[in-house]
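Accompanying notes for the structure given below.
The values are calculated or read from the model by the stated rules, or taken from the named source; none is laboratory data. Being a predicted model, the structure only gives us computed values, none of them experimental. No Cβ is skipped: glycine too gets one built from the backbone with ideal geometry, and neighbour counts run over all protein chains shown.
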Amino acid sequence: MHFLQRPADAPAELERLQNERPYGPWDASIPRQEIKVALQVMQGSHCAYCERTVGSDGHIEHFRRRADHPELTFDWHNLFYSCSNPNSCGKFKDLRAKRPVPYLNLIDPCHDDPEDYFDFLSDGNIVPKANLSSSQKQKALTTIATFNLQSLRHEREQYIAAWIGLMGNQEALRASLERMKASSFSTALFHLFGMRRSM
Ligand SMILES: [Zn+2]
């Protein structure tokens, strides 16, 4: 998870729906493709939470669930593009995370910089940074649990190892910052070399 700069302007069709019927319904008439493309541009075609590369199989995710906050159904600032893995990210939060979802204790990657809260380790783990206050630490842990980000530890570890193998050594990898940014799990790769993703 890393900071995402949300474009100020919502997709035109989304804004129209927000003005016409802010409480939904979120039905078959929704211009999903236009919204998806806008979110994919913002997120570089990665899941907002786990950072895996996600194609057309992802889904438009309501950070605050429609069931909990119907008034935010078409709110541009409430939408992300998430992978559809049932064991993590948006699907896990909506179906299997603790109820009620502790929204005020969740990191929103467009509001908070996740790299102020997390260290991504070379063994695939995500841990709260060492210098956090107790409330910040709680927010980091709640976010990891709500999106079940630790469930992807092995996948991250394998990915990091593959990158090291591919590039040969750390110096060569440092020369490939742009390639790293475009990769799955990009924040984990940056932290591996003691760098912030959102430079
Ligand atoms: Zn994901």
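Report yes if Gly90 is assigned to a helix (DSSP H, G or I), small (Gly, Ala, Ser) and either farther than 14 Å from Thr142 by Cα or within 15 Å of the chain's Cα centre (by Cα) (or both), otherwise no.
Numbers: assigned to a helix (DSSP H, G or I): yes; small (Gly, Ala, Ser): yes; either farther than 14 Å from Thr142 by Cα or within 15 Å of the chain's Cα centre (by Cα) (or both): yes.
So Gly90 passes the test.
Determine whether Ser133 is hydroxyl-bearing (Ser, Thr, Tyr) and more than 28 Å from Pro86 (Cα to Cα).
Working: hydroxyl-bearing (Ser, Thr, Tyr): yes; more than 28 Å from Pro86 (Cα to Cα): yes.
Criteria met by Ser133.
Quickly run through segment 52-82 and pick out the residues that are assigned to a strand (DSSP E or B) and buried (at least 22 other Cβ atoms within 10 Å of the Cβ).
Residues of segment 52-82 that are assigned to a strand (DSSP E or B), as a first pass: 53, 59-62, 79-82.
Selection gives Glu61, His62, Leu79, Phe80, Tyr81, Ser82.
Taking the conditions exactly as written (of a type in the set (Ser, Thr, Tyr) and modelled with pLDDT under 90), does Ser186 satisfy them or not? Steps first, please.
On the way: of a type in the set (Ser, Thr, Tyr): yes; modelled with pLDDT under 90: no.
In short, no.
Is there any pair linking a residue in segment 15-43 that is within 24 Å of Phe3 (Cβ to Cβ) to one that is among the β-branched types (Val, Ile, Thr) and not in a loop (DSSP other than H, G, I, E, B), with Cβ under 9 Å and at least six apart or on different chains, and which?
Ile35/Ile60; Lys36/Ile60; Leu39/Ile60
Does segment 39-63 hold any residues that are within 11 Å of the ligand (Cβ to nearest atom) and of a type in the set (Phe, Trp, Tyr), and which are they?
Tyr49
With the requirement that a residue be among the hydrophobic types (A, V, I, L, M, F, W, C) and either in a helix (DSSP H, G or I) or in contact with a His (Cβ under 8 Å, 6 or more places away or on another chain) (or both), what does segment 177-199 give you?
In the first step, residues of segment 177-199 are kept if they are among the hydrophobic types (A, V, I, L, M, F, W, C); the result is 177, 180, 182, 185, 188-190, 192-193, 195, 199.
Scanning segment 177-199 gives Leu177, Met180, Ala188, Leu189, Phe190, Leu192.
Can you find a residue that is in a helix (DSSP H, G or I) and within 16 Å of the ligand (Cβ to nearest atom) anywhere in segment 161-169? Full working, then the answer.
First pass over segment 161-169, keeping only residues in a helix (DSSP H, G or I): 161-167.
After this cut, where a residue has to be within 16 Å of the ligand (Cβ to nearest atom) as well, the list is none.
Within segment 161-169 (the criterion being in a helix (DSSP H, G or I) and within 16 Å of the ligand (Cβ to nearest atom)), the answer is no, since none of the residues qualifies.
Could you grab me the full set of residues in segment 83-133 that are of a type in the set (Phe, Trp, Tyr) and either buried (at least 16 other Cβ atoms within 10 Å of the Cβ) or within 16 Å of the ligand (Cβ to nearest atom) (or both)? Can you show your working first?
So the first thing to find is which residues in segment 83-133 are of a type in the set (Phe, Trp, Tyr), and the list is 92, 103, 117-118, 120.
If the condition is that a residue be of a type in the set (Phe, Trp, Tyr) and either buried (at least 16 other Cβ atoms within 10 Å of the Cβ) or within 16 Å of the ligand (Cβ to nearest atom) (or both), then Phe92, Tyr117, Phe118, Phe120 are the ones that fit.
Which ones in segment 13-51 are exposed (fewer than 13 other Cβ atoms within 10 Å of the Cβ), among the charged types (D, E, K, R) and in a loop (DSSP other than H, G, I, E, B)?
Across segment 13-51, the qualifying residues are Arg21, Asp27.
Assigned to a helix (DSSP H, G or I) and not aromatic (Phe, Trp, Tyr) - does that describe any residue in segment 121-135?
Initial filter on segment 121-135 (assigned to a helix (DSSP H, G or I)): 134-135.
Checking which are not aromatic (Phe, Trp, Tyr) leaves us with 134-135.
Scanning segment 121-135, I find at least one residue that is assigned to a helix (DSSP H, G or I) and not aromatic (Phe, Trp, Tyr), so the answer is yes.
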